[in-house]
Amino acid sequence: MPTLDWIGKNKVVNHHLEVPYRVLERQYSYDADGMHTEDNGSENMIIHGDNLSALKSLLPQYEGRIKCIYIDPPYNTGNEGWVYNDNVNDPRIVKWLGETVGKEGEDLSRHDKWLCMMYPRLKLLQRLLSDDGVIFISIDDTEYANLKLICDEIFGSNCFVSNISWQRTYSTRNDSKGIVNEVEHLLVYSNQPDWQPNRLPRTAEMDSIYKSPDNDVKPWASDNPFAPGAATHQGMVYAIQHPFTGKMMYPTNGRCWTFSQDQMLEIMCAWCNYELKELDDAHERAVVCGVPDDEIRQGVQAIVLSEPLEISAAKAQEVYNRGQWPKFYFTKGGKGGIRRKTYLDNVGGKPPTNYWPYSEVGHTDEAAKTLRAIFDGQATFDTPKPPRLIERILQIAGDQETLILDSFAGSGTTAHAVLNMNKADGGHRKFILIEMMDYADSITAERVKRVIQGYGTGKSAREGTGGDFSYYELGKPLMENGKLNEDVSAEKIREYVYFTETKQRLAPASEEEPYLLGVHIETAYYFYYDRDNITTLNRDFLHTVKTRADAYVIYADLCMFSSAELEKYHITFKKIPRDISRL
């Protein structure tokens, strides 16, 4: 598989492993009662801070659990400034740290920097994605090709789902030069191959072709009676005698009947009486299957009339005149070819395509007007996305319980879309937004507050959606200079340790065994930690262990047992904090 190389790649491919784990510190919660310091238990999160660190901090609780991810990273067009400030310790890229990337021509290595910024973030996003999860990435032509190559590398080329074209504008300026960019890309990757999207609701126009000319109780549309695969389904290639004309009908070349022979016999008997009969028609069937006569399957009988044609035709005409024709019917008053009825209630929804017109999912002007309405006419953000775009993503990639992550949250469109959909259908979708810029509270979170409570006046007023969230800042690193950061709560340390050992979420602490983290695959994990005192794994501590397991992993400051004794009791001792692995 082709791969992409750039300046600094070898220093960032594993950089996500070196990012320090930082705790998330809740600043306030927001709900119908407004903003308050008490924790409302909301699973909706807005996090202010560098998304690389924030994504790392989500791992203990969310690795492998997020079904839908949407990101709208910098497009790197040269018309916007973005900050690359990751702590990559390499002389070739250290000069970039903390710099705002300038315009094309002023900064000739901007594409390398963009890739260095994106790669470790995509690596962490891939770890957070559930097995049935999918990621959507907004991008334009500037970095599309580069993004496609690194996504192939990170997610796997066999997990590429689609390159969706979103019609972002409804009008083209007359003074535009060259070929006008009317669409942007949505690059889509799944975490496992063969991901299938949900179908979209059907439209009235789609349903209008379903009618009931035979007075059937359910509307239907005329469909092809044949299916592909004649050569591999030779038992479904045979003659059926026309009940009105007596002609022997075969599937068209390369195709077979849609249903099995016993099903077709039952359907045809609804017109008149039929039976199975050998016709000695191997040549005709071989032509349909596209194989030599001596390779055609033997013993395949035809479905033929069991009564004279005059009697059969009369019975068939009676059925035709009565109505409610069988599933396979005949056109032109019964004298034409055979067709199949497909009922409306069996066809399901509309398959999503890779072209999303603005009429269905909104455009940039709609997004800007929505934002101005929320913020009393102020243009608070340059490049918002319309909520309908994110709603479409959630329609095809989620359900009423889906958790969606947006790590380039911007103006908060993703949360707006989630709240809209929950209000509309009573769902319990959840969101996690990450925004590194200072407007995370004043724009991102503020928008969500106003959407929850309602916004606008007069005819433009919008009723609140309801809902809640909690707002977080990135806290201190859990580890500093190889030692535990004593400013971090013991609960956060326990959560981190248990995750590094098991990749599982930490259950609430047991009052009976306060040092027990949990049991995973017949192994019990203990974190014997006291912020103010040295802890020792000795016989006194073992007497407090009440959980029975095949093996034990016990963290403490000191150990009084010999290697032989540890082996005897099936104990693995790990010293605090040196043996705590890195995520």
Expressed as a rounded percentage, what relative contact order does the chain have, with Cα pairs under 8 Å and six or more residues apart? 18 percent
With no solvent and one point per C-alpha, what does the Debye sum give as log10 I(q)/I(0) for region 138-279 at q = 0.08, 0.09 Å⁻¹? -0.52, -0.62
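Just to be sure I understand: of the beta bridges DSSP finds with both ends in region 360-512, what percent are antiparallel, rounded to 5?
Details: 4 of 8 bridges.
Among the beta bridges of region 360-512, antiparallel pairing accounts for roughly 50 percent.
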Considering only C-alpha atoms, what is the centroid distance from region 513-583 to region 231-284, in Å? 73 Å
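Net charge within 9 Å of Ser138 by Cβ-Cβ distance, Lys/Arg positive one each and Asp/Glu negative one each, not counting Ser138 itself?
Residues close to Ser138 contribute a combined charge of -2.
Would region 281-355 count as rounded, prolate or oblate if I go by the C-alpha gyration tensor, calling it rounded below 1.5 in a/c and otherwise prolate when a/b exceeds b/c, oblate otherwise? Don't jump to the answer; show the numbers that get you there.
On the way: a/c = 2.87, a/b = 1.06, b/c = 2.70.
Cα axes put region 281-355 in the oblate bin.
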Quick one: if you stick a label point 7 Å off each Cα along the C-beta vector at Arg372 and Lys315, how many nm between them? 7.3 nm
So, with +1 on the Cβ of K and R and -1 on the Cβ of D and E, and no other charges, what is the size of the charge dipole of the chain about its Cα centre, to the nearest 20 debye? 960 debye
For the chain, with all protein chains present and a 1.4 Å probe, just round the carbon and sulfur fraction of the accessible area to a whole percent. 48 percent
Report, by chain and number, residues whose modeled amide H sits under 5 Å from the one on Gly362, excluding near sequence neighbours (fewer than 5 apart, same chain). none
Calculated FRET value between Thr342 and Ser165, using beta carbons and R₀ = 25 Å, to 0.05: 0.25
Any idea what angle helix 141-155 forms with the longest principal axis of the chain, computed on alpha-carbon atoms, 0 to 90 degrees, nearest 10? 90 degrees
Over the chain, give the accessible area per residue in Å² for a 1.4 Å probe, as an integer. 48 Å²
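Once you wrap a convex hull around the alpha carbon atoms of the chain, what is its projected area averaged over all directions, in nm²? Present the calculation step by step, with values, prior to reporting the outcome.
Details: hull surface 160.9 nm².
Average of the hull's projected areas for the chain equals 40.2 nm².
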In nm, to one decimal, how far is the modelled label at Leu4 from the one at Arg462, with both set 7 Å along Cα→Cβ? 3.4 nm
³J(HN,Hα), Karplus 6.51/-1.76/1.60, whole Hz, each residue of region 476-483, x for Gly, Pro: 7, x, 6, 10, 9, 6, x, 10
Choose one of Ala549, Pro508, Ser563: the residue whose Cα lies farthest towards the positive end of the charge dipole of region 450-566 (beta-carbon charges +1 Lys, Arg; -1 Asp, Glu; about the Cα centre). Pro508
Rounded to one decimal in nm, the spacing of the 7 Å Cα→Cβ label points at Thr544 and Lys476 is 2.4 nm
How far is helix 110-128 tilted off the main Cα axis of the chain, in degrees rounded to 10, range 0 to 90? 80 degrees
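What share of the DSSP beta bridges in the chain is antiparallel, in percent to the nearest 5? Intermediate results must be reported in sequence, preceding the final value.
On the way: 52 of 86 bridges.
Of the beta bridges lying entirely in the chain, close to 60 percent run antiparallel.
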Rounded tilt (10° steps) of 413-425 against the dominant C-alpha axis of the chain: 50 degrees
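The values are calculated or read from the model by the stated rules, or taken from the named source; none is laboratory data. What you see is a predicted model, and the numbers here were worked out from it, not measured in a lab. Methodologically, a virtual Cβ is constructed for each residue, glycine included, from the backbone with ideal geometry; neighbour enumeration extends over all protein chains shown. To get the accessible areas, we keep the full protein, side chains included, count just its heavy atoms, and leave off ligands, DNA and RNA. Shrake-Rupley method; radii C 1.70, N 1.55, O 1.52, S 1.80 Å.
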